1. Using modelled amide H (1.01 Å from N, peptide plane; none on Pro or chain starts), what sits under 5 Å from the amide H of residue 29, excluding residues fewer than 5 places away?
2. Taking Cα centroids, how far is the range 34-85 from the range 92-115 in Å?
3. With θ set to phi - 60° and the Karplus curve 6.51 cos²θ - 1.76 cosθ + 1.60, what are the ³J(HN,Hα) couplings of the range 130-142 in order, to the nearest whole Hz, using x for Gly and Pro?
4. Shape verdict for the chain, please, from the Cα gyration tensor: rounded (a/c under 1.5), prolate (a/b greater than b/c) or oblate.
5. Using θ = phi - 60° and the Karplus curve 6.51 cos²θ - 1.76 cosθ + 1.60, what whole-Hz ³J(HN,Hα) does each residue of the range 5-17 get, with Gly and Pro shown as x?
6. I'd like to compare 50-57, 63-70: which one has the highest average count of other Cβ atoms within 10 Å, and what's the full order after that?
7. Hey, what number do you get for the chain at 222 nm if only DSSP H runs of n ≥ 4 count, each worth -39500 (n - 2.57), divided across all residues, to the nearest 500?
8. Compute the relative contact order of the chain as a whole-number percentage, counting only Cα pairs closer than 8 Å that sit 6 or more residues apart in sequence.
Amino acid sequence: MRLFLHARFRPGRYALSGGEADTPAFVEVTETDITLLQHTSWRAFTIDGKRPYGNLNNYPVEMAQALGLPVTVDHQGYARIAPELDQELTALHRKSQFVLQAYIEHAELGSGRWLVPLNGWDAIISPRCRPVGQKAIERYKAEMVVLAERAKNETAVELVVPLINTSAALFASP
């Protein structure tokens, strides 16, 4: 959790520890890779295998959306991308497991006291790759105080969405 909120991860060439036979010795991480890492969909500390970049089943389309690349809508209302772009993004997706490994092995997290969210964080998490700012931490803490007061008069069910929204704001990409 601390790593996702407070670590810094920059483009560069990173050595990877071995393990699997197909693990390369190094991975070249670009700003594009970091943007995609920031848009991964996490569920209970793992990337959602069915929907790795959002809520669609067509992950190359969501990758294109995250990167601001052209997405069209066909006559049936389905989002589509060009076949060449689909191939390029599929290759980039295959690389993402090594980018994540580089993040876990090399993201910079100095010593210090780090905020770990109090509640609602497990619904929306993703690596920020840039440390969360003090203002965002203070907003989160203040909102959690407000939600604790609301809990005196509201049910847990009524507070689910506000808790998720508060966490989403904390984890939002910078």
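Each value in this text was obtained by applying a stated rule to the coordinates, not by laboratory testing. The structure presented is a predicted model; accordingly, all values stated were derived computationally and were not measured. Cβ placement follows ideal geometry from the backbone for every residue including glycine, while neighbour counts extend to all protein chains displayed.
1. Distant-sequence amide H within range of residue 29: 12, 13, 14.
2. 21 Å
3. Once rounded to whole Hz, the list reads 9, x, 5, x, 4, 4, 5, 5, 5, 4, 4, 4, 5.
4. Cα axes put the chain in the oblate bin.
5. Working through the residues one at a time gives 8, 10, 7, 10, 9, 10, x, x, 9, 10, 6, 10, 6 Hz.
6. Going from most to least packed, we get 63-70, 50-57.
7. Dividing the helical sum by the residues of the chain leaves -14500 deg cm²/dmol.
8. Working: 225 pairs, mean separation 53.0, N = 174.
Relative contact order here is 30 percent.
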